[in-house]
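> Quick one: the structure is below, and I'll ask about it shortly.
The values are calculated or read from the model by the stated rules, or taken from the named source; none is laboratory data. Since we're looking at a predicted model, the values are computed, not measured. Every residue, glycine among them, receives a Cβ derived from its backbone with ideal geometry; neighbour counts consider all protein chains shown.
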Amino acid sequence: MSQVASQTSRPVAAVILAAGQGTRMKSRRSKVLHEIAGRPMLGYAVTMAESLAPARLVVVIGRDADQVESAFSGRATFVLQEEQRGTGHAVQMALPALDGFAGDVLILYGDCPLLRAESVARMVALKAETGSAAVMLTSPEPLPGIIVRGADGRVERIVERPDATPEELLIEEGNTGVYLVDATLLAKALGQLDDGNAQGELYLTDIVEIARKEGHAVEAIQLDDADEALGVNDRRELARAASVQYARNAERLMRDGVTFDDPDATYVDTDVAIGCDSRLEPGVVITGATTLGEGVHVKAHSVIEDSVLGDDVVIGPSAHLRPGSRLEDGVRIGNFVEVKNSHLGPGVKADHLAYVGDADVGAGSAFGCGSITVNYDWIHKHRTKVGEGVRVGCNANLVAPLELEDGAFVAAGTTVTKKVETDEIAVSTGRQKNLAGWGARFRKRKAGTGK
């Protein structure tokens, strides 16, 4: 934001329209609750509005109102649009929540998740610098609302395509629907809306023409990136928006010093944090509120969900960290190893084909191939406590609740059901016995059956 804007911009209130039925999504839940790169669609608009420190933040909801309000409880004031009569009507529903507010009202959309905060900051700056009554965002690509400019280059009106003339249909500049409007003017203009159009709805776009007729200037900023105006109405647009957001996430992380072997084949959610000098190989999926430290190497086709990793951790290939996993510095989790709801101390190793679930593991301990924590008794989950420097052999079963003290050992093939103390080795297998001639007798029996 420019120095002028920072000195003269007025308080901002944000109104987010999220009441649409979303019928084209063909879903059992509200469209705005569908996730894009790990965050509900509406979450992008809410988070961006929060970044402005708005005096008020109002979300207009409709379908599945209880679920939407629950998902964002405490972050906004919610108002219900029971009857769907257009965008103008939706903003009318928000007016009581803006009562007494003096400043500018920013109007956003819950199904437009790709709008950048920088673009909104440009709107705020322009309005402060020009003193105009309203500023709007436009797209360089055609949209349902057509921008009609006057001889002075300012916006005269917005025409919806069903109501446009053949000449107006040739205009490519489209209306994103994002406005920054003086609160007093907005309330006055909303009171003058009528539904005399092809759709029989109250168009929010009409406030521009109303403002111009009353002598107010309406400025417009055209987006450089048309993707910012993408509205999500069906599954195809949902996938397109996710693709754009994943690319943005990768770009941000690469600027911060993270290596992506192939950004197009790596999927990192928006709220994931990764330290510098980390490397992600193709096929990696990192989701939720996950944090990776510095120098972490995640090998191909590994999945990390809602976990915290320290520095210099190595994961994979084809490993899976399920929610609640916390790995300290230098942990090594190899191919086809699964970790769930466990805390692994520094330097712990499980190099292949193991399961560590509901466990607390001390520094330097190691799990052999095929070793597992048996954490579920078909009724309850139980925890396993493994001390420091413990060695667990291949194909061992650690039946929780269980404790292995520091420096304990578990022999290969052992099922452990009771505590193993320091320097003890748990062995549950009997002494090996080889039966001479057993193979010859078996083959003779087999030949006699003709099978």
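> Among (1) assigned to a strand (DSSP E or B); (2) in contact with an Asp or Glu (Cβ under 8 Å, 6 or more places away or on another chain), which single condition is V15 missing?
Here V15 meets the rest and fails (2).
> Conditions first: (1) touching a Lys or Arg at 6+ places or on another chain (Cβ under 6 Å); (2) in a helix (DSSP H, G or I). L180 passes all but one, so which condition is the exception?
(2)
> Next up: Consider the stretch 57-77. How many of its residues are crowded, with 21+ Cβ neighbours inside 10 Å and either part of a strand (DSSP E or B) or without any contact (Cβ under 8 Å) to a residue 24 or more places away in the chain (or both)?
Qualifying residue count, the stretch 57-77: 6.
> Identify all residues within the stretch 298-347 that are under 14 Å from V361 (Cβ atoms) and β-branched (V, I, T); write none if there are none.
Matches in the stretch 298-347: V313, V331, I333, V337, V339.
> Could you tell me whether V124 is hydrophobic (A, V, I, L, M, F, W, C) and part of a strand (DSSP E or B)?
No: the conditions fail for V124.
> Something else about it: Can you pull out every residue in the stretch 78-116 that is acidic (D, E), assigned to a loop (DSSP other than H, G, I, E, B) and touching a residue at least 12 places away in the same chain (Cβ under 8 Å)?
E82, D111
> Within the stretch 176-201, can you find the residues that are among the small types (G, A, S) and within 14 Å of V91 (Cα to Cα)?
G177, A183, A187, A189, G191
> Then there's this: Go through A187, A151, A125 for me and flag whichever is surrounded by fewer than 17 Cβ atoms within 10 Å (Cβ to Cβ) and among the hydrophobic types (A, V, I, L, M, F, W, C).
A151
> So, one more: Given the options K433, K451, K444, K418, name the one that is at pLDDT 90 or above and either in contact with a Phe, Trp or Tyr (Cβ under 8 Å, 6 or more places away or on another chain) or more than 25 Å from D377 (Cα to Cα) (or both).
Only one candidate passes the filter, namely K444.
> Under the condition of being surrounded by 15 or more Cβ atoms within 10 Å (Cβ to Cβ) and among the hydroxyl-bearing types (S, T, Y), which residue from the stretch 8-56 is nearest to A241 (Cα to Cα)?
Among residues in the stretch 8-56 that are surrounded by 15 or more Cβ atoms within 10 Å (Cβ to Cβ) and among the hydroxyl-bearing types (S, T, Y), the one nearest to A241 (Cα to Cα) is Y44.
> If you don't mind, another one. So, in the stretch 226-271, how many residues would count as being on the phi > 0 side of the Ramachandran plot and part of a strand (DSSP E or B)?
Summing the residues that are on the phi > 0 side of the Ramachandran plot and part of a strand (DSSP E or B) in the stretch 226-271 gives 0.
> In the stretch 419-451, what residues are in contact with an Asp or Glu (Cβ under 9 Å, 6 or more places away or on another chain), of a type outside the set (S, T, N, Q) and assigned to a loop (DSSP other than H, G, I, E, B)?
K419, E421, D423, E424
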